[in-house]
1. Filtering segment 28-67 down to residues that are in contact with a helix residue (DSSP H, G or I) (Cβ under 8 Å, 6 or more places away or on another chain) and assigned to a helix (DSSP H, G or I), which residue is surrounded by the fewest Cβ atoms within 10 Å (Cβ to Cβ)?
2. Just to be sure before I move on: is residue 143 buried (at least 17 other Cβ atoms within 10 Å of the Cβ), of a type in the set (Gly, Ala, Ser), in a helix (DSSP H, G or I) and in contact with a strand residue (DSSP E or B) (Cβ under 7 Å, 6 or more places away or on another chain) in the structure I sent?
3. Give segment 101-140 a look and list any residue that's within 12 Å of the chain's Cα centre (by Cα) and hydroxyl-bearing (Ser, Thr, Tyr), or say none.
4. Search segment 1-28 for residues that are farther than 25 Å from residue 56 by Cβ and pair each with any residue that is modelled with pLDDT of 95 or more and in a loop (DSSP other than H, G, I, E, B) when their beta-carbon atoms are under 8 Å apart and the residues are at least 6 apart or on different chains.
5. Restricting attention to segment 85-93, does a residue exist that is surrounded by fewer than 16 Cβ atoms within 10 Å (Cβ to Cβ) and touching a Lys or Arg at 6+ places or on another chain (Cβ under 6 Å)?
Amino acid sequence: MIAVQAEPFDAAALLADFAARAAGAGAIASFTGLVRSENDGAAVSGLELDHHPRLTEQAMAGIGADAVARFELTEIAIVHRHGTLAPGEAIVFVAAAAPHRRAAFDAVDYVMDRLKTEAPFWKREQRSDGAHWLEARDSDRKARARWG
């Protein structure tokens, strides 16, 4: 399941549905990313995410397919929001099912590293010190580079 959507999602419900689809897997790992309430010492009042639907969905599908092949997953889910989000709202959900725990953990980490650096989203934070465009940080690029 790969989805880019404006609507809020319930991570617990997504995980329950994912677990039902991944019956028989030895392990499931998941990650839910939330909009920060503070960044660089400034209060965050909102996050605006824009994207190109076709390109973003293709990029996410490619990242998911790469993860399935690389970690021999039995199932993967990637859900990413777009639009205007408030602090504390879920922005991204990733789940991986695999025969063994290490593959599931690594797959979720890998997908997040690739999403942060490769998925075509344009992000602008509304902060107490003004609006700021967000780009991948050096730490994001270093995390991505460890996967080769």
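The values are calculated or read from the model by the stated rules, or taken from the named source; none is laboratory data. This one's a predicted model, so the numbers in the text were calculated from it and none came from an experiment. Don't worry about glycine lacking a Cβ; one is built from the backbone with ideal geometry, like all the others, and counts go over all protein chains shown.
1. Step one: of segment 28-67, the residues in contact with a helix residue (DSSP H, G or I) (Cβ under 8 Å, 6 or more places away or on another chain) are 28-33, 59-60, 63-64, 66-67.
Checking which are assigned to a helix (DSSP H, G or I) leaves us with 59-60, 63-64, 66-67.
Working: 59: 20, 60: 24, 63: 22, 64: 22, 66: 16, 67: 25.
Per the stated criteria, the residue is 66.
2. Numbers: buried (at least 17 other Cβ atoms within 10 Å of the Cβ): yes; of a type in the set (Gly, Ala, Ser): yes; in a helix (DSSP H, G or I): yes; in contact with a strand residue (DSSP E or B) (Cβ under 7 Å, 6 or more places away or on another chain): no.
No: the conditions fail for residue 143.
3. Within segment 101-140, 110, 117 meet the criteria.
4. Pairs found: 24/74; 25/74; 25/99; 26/99; 26/100; 27/99; 27/100.
5. No, because not a single residue in segment 85-93 is surrounded by fewer than 16 Cβ atoms within 10 Å (Cβ to Cβ) and touching a Lys or Arg at 6+ places or on another chain (Cβ under 6 Å).
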